[in-house]
1. So if I check each of T112, T126, T136, T104, which one is out of contact with any Leu (no Cβ under 9 Å at 6 or more places or on another chain) and either buried (at least 24 other Cβ atoms within 10 Å of the Cβ) or part of a helix (DSSP H, G or I) (or both)?
2. When both residues are 6+ apart or on different chains and their Cβ atoms are under 8 Å apart, which pairs have a first residue that lies in region 135-151 and is closer than 13 Å to I266 by Cβ, and a second that is modelled with pLDDT of 90 or more and of a type in the set (A, V, I, L, M, F, W, C)?
3. From the list I172, I192, pick out the single residue that is within 21 Å of A265 (Cβ to Cβ), under 16 Å from the mean Cα position of the chain (by Cα) and surrounded by fewer than 22 Cβ atoms within 10 Å (Cβ to Cβ).
4. Here is a check on your reading of the model: is K262 at negative phi, basic (K, R) and touching a residue at least 12 places away in the same chain (Cβ under 8 Å)?
5. Report yes if S70 is in contact with a Pro (Cβ under 8 Å, 6 or more places away or on another chain) and either in a helix (DSSP H, G or I) or buried (at least 18 other Cβ atoms within 10 Å of the Cβ) (or both), otherwise no.
6. Mind checking which pairs have a first residue in region 38-59 that is over 22 Å from T263 (Cβ atoms) and a second that is modelled with pLDDT of 75 or more and assigned to a helix (DSSP H, G or I), Cβ under 6 Å, 6 or more apart or different chains?
7. Can L199 be described as more than 15 Å from C285 (Cβ to Cβ) and touching a helix residue (DSSP H, G or I) at 6+ places or on another chain (Cβ under 8 Å)?
Amino acid sequence: MKQFFLPLGLLSAVCFAFFLPAGGVFLRDNYGLKILVCTIFLVSGYQTGSKGLALDRKLFTLFLTAAFISLLLAPFLGLLVSRILHFPLYLAMGLIIISTVPPTISSGVIITEVSRGNAVLALFLTISLNLLGIFTMPFILDLCLKVSGPIDIDQTALLMKMLFLVLLPFIIGKTVRNLTGRARISPLWSYINSSCIILIVYSSIATSKSAFTGLTLANYAQVLAGVASIHLLLLAINMQAGKTLRLSAADNKAMLFVTSQKTLAIALAVLASVNFETGNAIIVCLMFHFFQLFVDSFLASIMQKKTILFSRQKLQKSSDSL
């Protein structure tokens with residue numbers, strides 16, 4: 001159920017946005033998007049425990065590698081791919097923004113769990129990269145957008161927005177978790193984050209419906225090629241990085257899925273902060289999100305089957321030896 005809740009919800013959001021857009025417009029006009037982003041990180045802070053990982057040199061090296069790939073290399077991959085595929089300015093902006101933002105808030109952890117990977121490590125990477133990305137994203141994004149075309153963003157304003165929408169709610173949620181002293185919390189909390197992302201997509205599409213009819217089939221094919229190239233490259237890079245770091249299979253899955261994904265929620269928040277027409281850029285972000293969910297869910301299911309088969313074979317060998 002957890003694996004399909006978000007993708008099915010996103011498909012429903014697209015349908016409702018086209019046929020019942022009033023609710024989405026209401027959310028946008030009444031600070032709904034800001035409230036939803038705050039809620040996501042408030043819940044994320046509450047979900048984050050203080051135990052389960054050994055804070056050692058290996059973890060620090062893994063984190064630095066993941067941060068380099070996700071927050072520094074990925075934005076320049078987005079810029080490079082947009083130039084190679086000759087993206088129009090508005091589509092290039094969307095590709096660069098989605099490539100620059102930190103990992104997904106919930107789907108990376110969920111897909112890691114499905115693949116039988118290290119979910120605790122996945123949550124650590126998700127939270128730490130999102131918090132670090134608050135400070136690195138405004139400056140790297142500004143650099144890449146300036147290279148791409150005449151697009152300026154207010155770095156200070158974007159940084160302050162990320163601090164108040166992301167960092168502050170996360171700290172509040174984490175503080176509440178510490179004060180309550182809960183060692184474990186219900187997994188149902190993850191559905192709140194997924195629901196918030198679904199509502200953000202619904203509102204964003206409802207207020208930008210005209211963007212979808214302004215592109216040709218060639219444009220859509222171009223966008224698909226771009227998002228596929230970046231995500232598949234990130235998967236390949238992270239797979240190789242995991243082997244280089246000699247990670248266990250479970251840890252490698254956590255790094256693979258979290259560091260290769262990008263969060264739609266922050267990408268849409270950034271688009272709202274850019275002083276430029278961004279209607280068509282949202283299409284790139286949405287296609288990237290759907291593509292990564294589809295591909296990673298497929299990979300996770302294959303890995304899950306292999307893990308189960310390996311466990312059964314190992315159990316069978318142990319039984320035979322007895």
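The values are calculated or read from the model by the stated rules, or taken from the named source; none is laboratory data. Keep in mind that what you see is a predicted model, and the values were worked out from it rather than measured. Glycine gets a Cβ as well: all are built from the backbone with ideal geometry, and neighbour counts include every protein chain shown.
1. Answer to the check: T126.
2. Listed pairs, sorted by first residue: T136/L71; T136/L72; M137/L71; M137/V101; L141/I96; L141/I97.
3. On the way: I172 fails: under 16 Å from the mean Cα position of the chain (by Cα).
Result of the check over I172, I192: I192.
4. Against the criterion (at negative phi, basic (K, R) and touching a residue at least 12 places away in the same chain (Cβ under 8 Å)), K262 qualifies.
5. Spelling it out, S70 is indeed in contact with a Pro (Cβ under 8 Å, 6 or more places away or on another chain) and either in a helix (DSSP H, G or I) or buried (at least 18 other Cβ atoms within 10 Å of the Cβ) (or both).
6. Listed pairs, sorted by first residue: G52/V120.
7. Details: more than 15 Å from C285 (Cβ to Cβ): yes; touching a helix residue (DSSP H, G or I) at 6+ places or on another chain (Cβ under 8 Å): yes.
Against the criterion (more than 15 Å from C285 (Cβ to Cβ) and touching a helix residue (DSSP H, G or I) at 6+ places or on another chain (Cβ under 8 Å)), L199 qualifies.
This table checks each residue for (1) in contact with a Ser or Thr (Cβ under 8 Å, 6 or more places away or on another chain); (2) farther than 16 Å from T61 by Cα.
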residue: L224; (1), (2): no, yes
residue: I230; (1), (2): yes, yes
residue: L235; (1), (2): yes, yes
residue: K243; (1), (2): no, no
residue: R246; (1), (2): no, no
residue: A254; (1), (2): yes, no
residue: K262; (1), (2): yes, yes
residue: I266; (1), (2): no, yes
residue: S273; (1), (2): no, yes
